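The values are calculated or read from the model by the stated rules, or taken from the named source; none is laboratory data. Since we're looking at a predicted model, the values are computed, not measured. Ideal geometry is used to build each Cβ from the backbone, glycine not excepted, and the neighbour counts take in all protein chains shown.
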Amino acid sequence: MNKIVAVDIDGTLGDHYTHLVQFAELWLGHKINYDPAAGWPNGAKKFQFNRAMGIGKATYRKIKLAYRLGGMKRSMPVYPGASELMDGIRKAKTEAWICTSRPYLKMDPMDPDTRHWLRVNHIRYDHLLYGDNKYIDLKKAAGNRVVVVLDDLTEMYQQAQQQGLDALLIERPHNEFRPVLPTYSAVANLYDAYEEILEMIYAKA
């Protein structure tokens, strides 16, 4: 059976954070002083987006729900190199899996919106896996076939490592102020990720 590389969507392949901030400004009717550093209060272990936007959790949840139900996932900007990365993985005779924590079981439009975004941005894949425990589920489904996972969230990176999976963290403004420890294997962009992942695929061939 083929090896697998698993790649996240929001914040990894697509610029979810900038897009949601722009939507939040329209929803609130005023500009937001978005500060990624404020999303890491008191040595927090994961990014707190509502703090970075300077809004309370209740308001943030309302904005996020409106964003999801309004079909905004369809228009999220794609990061350069997303299509090339996924095509390169598949050309290396490796399965490209999309692994996302999007709540598709609770949001009727989530799955069609996700598939639409992947299609219009020419992001080809072999399997789509949803859920907050996506790398736990990935390990159960694929076992030792997984070469590496690529994600932008530190807690997802650590979830993968806890399952014995190799992981790469793609550097984005919202994880720039992450804790120094543990040390992360990081890449600057999707083009660097492509080169690193190909090396890992061939090393594990």
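The set of residues from the stretch 130-158 being surrounded by 18 or more Cβ atoms within 10 Å (Cβ to Cβ) and hydrophobic (A, V, I, L, M, F, W, C) comprises Leu138, Ala142, Val146, Val147, Val148, Val149, Leu150, Leu153, Met156.
Applying the criterion of being more than 30 Å from Thr94 (Cβ to Cβ) and acidic (Asp, Glu) to the residues of the stretch 5-51, the residue that is surrounded by the fewest Cβ atoms within 10 Å (Cβ to Cβ) is Asp35. Among the residues of the stretch 166-192, those identified as without any contact (Cβ under 8 Å) to a residue 60 or more places away in the chain, of a type in the set (A, V, I, L, M, F, W, C) and closer than 25 Å to Ala141 by Cα are Ala167, Leu168, Leu169. Being surrounded by fewer than 18 Cβ atoms within 10 Å (Cβ to Cβ) and among the aromatic types (Phe, Trp, Tyr) is the filter here, so list the residues in the stretch 189-205 that pass it. Answer for the stretch 189-205, where residues must be surrounded by fewer than 18 Cβ atoms within 10 Å (Cβ to Cβ) and among the aromatic types (Phe, Trp, Tyr): Tyr191, Tyr202. Given the criteria over 17 Å from the mean Cα position of the chain (by Cα) and not in a helix (DSSP H, G or I), does Ile98 qualify? It is false that Ile98 is over 17 Å from the mean Cα position of the chain (by Cα) and not in a helix (DSSP H, G or I).
If the condition is being among the polar types (S, T, N, Q), under 16 Å from Lys46 (Cα atoms) and surrounded by 15 or more Cβ atoms within 10 Å (Cβ to Cβ), then the stretch 159-188 contributes Gln159, Gln161, Asn175. Across the stretch 79-94, which residue is farthest from His16 (Cα to Cα) among those that are surrounded by 16 or more Cβ atoms within 10 Å (Cβ to Cβ) and in contact with a helix residue (DSSP H, G or I) (Cβ under 8 Å, 6 or more places away or on another chain)? Going through the qualifying residues, I end up with Ala92. Quick check, is Pro80 more than 16 Å from the chain's Cα centre (by Cα) and either more than 24 Å from Ala205 (Cα to Cα) or assigned to a helix (DSSP H, G or I) (or both)? Against the criterion (more than 16 Å from the chain's Cα centre (by Cα) and either more than 24 Å from Ala205 (Cα to Cα) or assigned to a helix (DSSP H, G or I) (or both)), Pro80 does not qualify.
Screening the stretch 52-73 for residues that are touching a Pro at 6+ places or on another chain (Cβ under 9 Å) and assigned to a helix (DSSP H, G or I) and picking the one that is surrounded by the fewest Cβ atoms within 10 Å (Cβ to Cβ) gives Leu69. Among the candidates Leu26, Leu69, the residue that is modelled with pLDDT of 95 or more and either basic (Lys, Arg) or not assigned by TED's automatic domain parsing to the domain that holds Met156 (or both) is uniquely Leu26. Asp113 meets each of the listed conditions (1) free of Cβ contacts under 8 Å to residues at least 24 places away in the same chain; (2) touching a Gly at 6+ places or on another chain (Cβ under 7 Å) apart from (1). Looking at Ser83, Ser101, just one residue is in contact (Cβ under 8 Å) with a residue 40 or more places away in the chain and out of contact with any Phe, Trp or Tyr (no Cβ under 9 Å at 6 or more places or on another chain), and that residue is Ser83. Going residue by residue through the stretch 95-104, is there one that turns out to be within 19 Å of Leu169 (Cβ to Cβ), buried (at least 18 other Cβ atoms within 10 Å of the Cβ) and not assigned by TED's automatic domain parsing to the domain that holds Glu196? There is no residue in the stretch 95-104 that is within 19 Å of Leu169 (Cβ to Cβ), buried (at least 18 other Cβ atoms within 10 Å of the Cβ) and not assigned by TED's automatic domain parsing to the domain that holds Glu196.
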